[in-house]
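What follows is a short report on a single structure.
What follows draws every value from the coordinates through simple rules; no lab data is involved. Only a predicted model underlies this, so the values are computations on that prediction, with no experimental measurement involved. No Cβ is skipped: glycine too gets one built from the backbone with ideal geometry, and neighbour counts run over all protein chains shown.
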């Protein structure tokens, strides 16, 4: 059965990327293919290179995009591998448009065996791909100090020390194997207020997922090199889902537009700001109330986009 999938901010993505056609469109995180379908339907001039680190997602996306088989190619790669893939290979043309949806896919969230959700019990995995250490291996092996840092830095969990200590005490008795074990522990440690809209384990699960998949490192390795690959008037659109991602995107795009992002007081600019792009979204585009009502997972989405300027500028 195909998982339920509603691409976030889909019409806005199409409006921002369509002017870059014709040419190669790269969807660096194709997921279940919702954005890709909309873009190929809207613009016959697009050829699609669809990438994802998750082989299951590629299988679903290929099925969904079957009617566009003459215009699509698929490859299993992480987001950070995209710049090298396009730079080193003669198999692919220079892309005119790149899309990166940084969210967790419905396939991953709704499959208990993937271990992303604290709402259903399953193996404590959280890997978007098939390699690397699992979340269980992480929580059962890293030091209390390192675990606390992960929860604080990637989850912005204000109870990070308390949660890290409880995890280490628990794993000394029984190692963590399932999402239910971890979710129950965090819920017992953090007593949320009645006004809190999120589950007490939300920040812990976010932090572990980011650490397991090196999501912020992937984003940093992808963002600036991918913009450099674009030709003049080529476009990049990125959808982020939490402030850590959006902050990286915002500051990188501002710097590439020529705005200095150095801390106040530095005698000279040290961030390397250069005017290489035009920012198309002065503020991030957010989903409407109607979209959030239809798709609650869209609630925290933020869309930013840039257009590459002439290379001599």
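For 105, 117, 243, the sequence from fewest to most other C-beta atoms within 10 Å is 243, 117, 105.
Taking other C-beta atoms within 10 angstrom as a stand-in for reagent exposure, 162, 63, 250 fall in the order 63, 162, 250, fewest first.
Each part gets one Cα centre, and for the range 54-126 versus the range 180-254 those centres are 17 Å apart. Helices in the chain, meaning DSSP H runs of at least 4 residues, each add -39500 (n - 2.57). Divided by all residues, the mean residue ellipticity at 222 nm is -12000 deg cm²/dmol. In the elastic network of the chain, a GNM with C-alpha springs shorter than 10 Å, the most mobile of 199, 77, 191 is 191. A simple spin-label model places the labels of residue 71 and residue 131 3.3 nm from each other, with each point 7 Å out along Cα-to-Cβ. Just to be sure I understand: of the beta bridges DSSP finds with both ends in the chain, what percent are antiparallel, rounded to 5? So the antiparallel bridges in the chain amount to around 40 percent. Highest mean first, the peptides 22-29, 140-147, 123-130 sorted by other C-beta atoms within 10 Å per residue fall in the order 22-29, 123-130, 140-147. If R0 is 45 Å, the Cβ-Cβ spacing of residue 189 and residue 310 corresponds to a FRET efficiency of close to 0.25. Axis angle, to the nearest 10 degrees, between helix 55-64 and the longest C-alpha principal axis of the chain: 50 degrees. Between 166, 298, 136, the GNM of the chain built on Cα springs shorter than 10 angstrom shows 166 fluctuating the most. Once the C-beta distance of residue 275 and residue 169 is scaled by a Förster radius of 51 Å, the resulting FRET efficiency is 0.45 to the nearest 0.05.
Between 81, 290, 224, the Gaussian network model of the chain with springs among Cα atoms under 10 angstrom shows the greatest mean-square fluctuation at 290. Projecting label points 7 angstrom from Cα along Cα→Cβ for residue 143 and residue 120 puts them 3.8 nm apart. Applying 1/(1 + (r/R0)^6) with R0 = 30 Å to the Cβ-Cβ distance of residue 110 and residue 162 gives a FRET efficiency near 0.50. Full extension of the chain segment joining residue 214 with residue 293 gains 25.4 nm, where the gain is 0.36 nm per residue of separation less the Cα-Cα distance.
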